[in-house]
1. Check the stretch 216-230 and report whether any residue there is surrounded by fewer than 21 Cβ atoms within 10 Å (Cβ to Cβ) and in contact (Cβ under 8 Å) with a residue 60 or more places away in the chain.
2. Could you please find all residues in the stretch 262-317 being away from the ligand (no atom under 13 Å from the Cβ), modelled with pLDDT under 95, in a loop (DSSP other than H, G, I, E, B) and more than 23 Å from S227 (Cα to Cα)?
3. Only residues that are of a type in the set (V, I, T) and within 19 Å of the chain's Cα centre (by Cα): list them for the stretch 123-169, please.
4. Please work out which one of (1) closer than 22 Å to F126 by Cα; (2) more than 10 Å from the ligand (Cβ to nearest atom); (3) touching a Phe, Trp or Tyr at 6+ places or on another chain (Cβ under 8 Å); (4) not aromatic (F, W, Y) is the condition D329 fails and give its number.
5. Can you tell me how many residues in the stretch 12-57 are touching a helix residue (DSSP H, G or I) at 6+ places or on another chain (Cβ under 7 Å) and among the β-branched types (V, I, T)?
6. Right, G71: within 12 Å of the ligand (Cβ to nearest atom), of a type in the set (G, A, S) and surrounded by fewer than 21 Cβ atoms within 10 Å (Cβ to Cβ) or not?
7. Restricted to the stretch 244-298, and to residues that are out of contact with any helix residue (DSSP H, G or I) (no Cβ under 8 Å at 6 or more places or on another chain) and small (G, A, S), which residue is farthest from T164 (Cα to Cα)?
8. Return yes or no: is L76 hydrophobic (A, V, I, L, M, F, W, C), more than 12 Å from the ligand (Cβ to nearest atom) and closer than 29 Å to D9 by Cβ?
Amino acid sequence: MQNVKGTHDLLPLESANYDAITELFSNIATVFGYHSVNPPVIEHAELFSRNVGESSDIVRKEMYNFFDKGGRELALRPEFTAGIIRLIVQNKLYVNNELPLKYYYVGPVFRYDRPQLGRYRQFMQFGVESVGLSSPVNDAEIIAMSYSMLKTLGLNNIALKINTLGDDESRNNYREALKSYFTKYIDNMCEDCKQRLISNPLRILDCKVKEDQQYISNAPKISAYLSANAKARFEMLLNNLKTLNIPYEIDEGLVRGLDYYSDTVFEFHYTNSKGVNYGAIGGGGHYDKLVKQIGGPDMPGFGFSFGVERIYNTLNDEGLLPIKQEAIDIYVMPIGIENQIYGLKIANQLRMNGFLVDMCLEQCKIGNMFKRAEKKGAKFALIIGENEIKNNIVIIKNIASQEQQEIKQEDLLSYFINLTHSCHCHEYEGGDNCNHDNKDCCCHNKDVHQ
Ligand code: AMP
């Protein structure tokens, strides 16, 4: 059996690094005051078909919808925002909580798209939604947060593209202008664009068909149709980004694929050092009508999502992986099968105190056990034989220095705790030597670590 087309397996090291990426995003979201929420993967198909937009590719062509055994039409979520808003509205989270509600999420989404480089049918998104407040400072905070998430991963060549779709008045005028412009050329354009001209002419700007670009590049620009309010709002946001030192480029062709966006929209792109561009690595925008449309009060929202696969692939190409090594702290080596249970007891005590511990469960020669310890990246090996059990001791071997010492079993845990916790130096992590000069190091236990 093979995996389903457009899906991909995550093998252990990949999976650990996907987790590391989303953990880093979650930590940054948390310090910005966001809380985790987790809607189900399946929702009523109507949630997306009615709210994401009849003219969006996601709804028209890409939804994984099906009827369950009870005859309900359900869908695997093709995006998170509609589900998060449904969760907010259904649980009336806006009643007793301060606004904006600030939530983040991580999980798989499903789109029946044509699989290609950077495009999967099941992929992982991390994102945030801020609901209940509309201000250019709120927009700037979210863009700054997403930008710092990418920077923290070590990505330096980030291109932030930004545009405004204006308010209702601006968009209505712009839609009319696009309609009359594209009507002249539509017979020569792709079938999707013909459809978009009727349902949502703005989406024509998102068309990727090469032959259509000649018409799209000369189309009217939104900037000429912005109301005074929409213009002022966008200018304030751009000034905010300047103040926060976040570089951006205005891209008037940026409309984003979903129908619910208004005002600010943005995307992150990244061309890596090999010249590969997987498409947008993230994007988002402002939505004013969605909460009301889903049955809640009239309140705005602003959010973005990252494509974790595209970010992982970009990090990989840039040599920025692994973020997380699959290394363990301690490898327990019981000598003789009859002593394994003592080894397990010691291993478990260390595990319960947060140490990453693995143990040799086969009967092998000590030399082979050391090879295994090294392969697993262990910093210490613990040798436990008959003699050690009889005398209540353990032999600790530092794999890097090859130094060996005996220690009483009852002192073992405090030995490792001292080794890690007495050092306040940020460069020291669970058994590594810190890189500080003696004079700079605030570690209390220099003689052990250096
Ligand atoms: P969207 O909801 O379309 O704005 O997507 C948000 C992010 O998800 C994009 O910026 C991409 O990074 C990622 N993404 C969208 N579609 C796919 C796909 N088919 N495969 C992998 N990543 C995707």
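The values are calculated or read from the model by the stated rules, or taken from the named source; none is laboratory data. Note that the coordinates shown come from a computational prediction; the quantities given were computed from them, not determined experimentally. Cβ: placed from backbone, ideal geometry, glycine included. Neighbour counts: every protein chain shown.
1. Step one: of the stretch 216-230, the residues surrounded by fewer than 21 Cβ atoms within 10 Å (Cβ to Cβ) are 216-221, 223-225, 227-229.
Checking the rest, the ones that are also in contact (Cβ under 8 Å) with a residue 60 or more places away in the chain come to 227, 229.
Checking the stretch 216-230: at least one residue is surrounded by fewer than 21 Cβ atoms within 10 Å (Cβ to Cβ) and in contact (Cβ under 8 Å) with a residue 60 or more places away in the chain.
2. Within the stretch 262-317, T271, N272, S273, K274, G275, V276 meet the criteria.
3. Filtering the stretch 123-169 for residues of a type in the set (V, I, T) gives 128, 131, 137, 142-143, 152, 158, 162, 164.
Once the filter is applied, which keeps residues that are of a type in the set (V, I, T) and within 19 Å of the chain's Cα centre (by Cα), the stretch 123-169 yields V128, I142, I143, T152, I158.
4. Against the list (1) closer than 22 Å to F126 by Cα; (2) more than 10 Å from the ligand (Cβ to nearest atom); (3) touching a Phe, Trp or Tyr at 6+ places or on another chain (Cβ under 8 Å); (4) not aromatic (F, W, Y), D329 comes up short only on (1).
5. Residues meeting the conditions: 5.
6. Details: within 12 Å of the ligand (Cβ to nearest atom): no; of a type in the set (G, A, S): yes; surrounded by fewer than 21 Cβ atoms within 10 Å (Cβ to Cβ): yes.
So G71 fails the test.
7. G275
8. For L76, the condition - hydrophobic (A, V, I, L, M, F, W, C), more than 12 Å from the ligand (Cβ to nearest atom) and closer than 29 Å to D9 by Cβ - is met.
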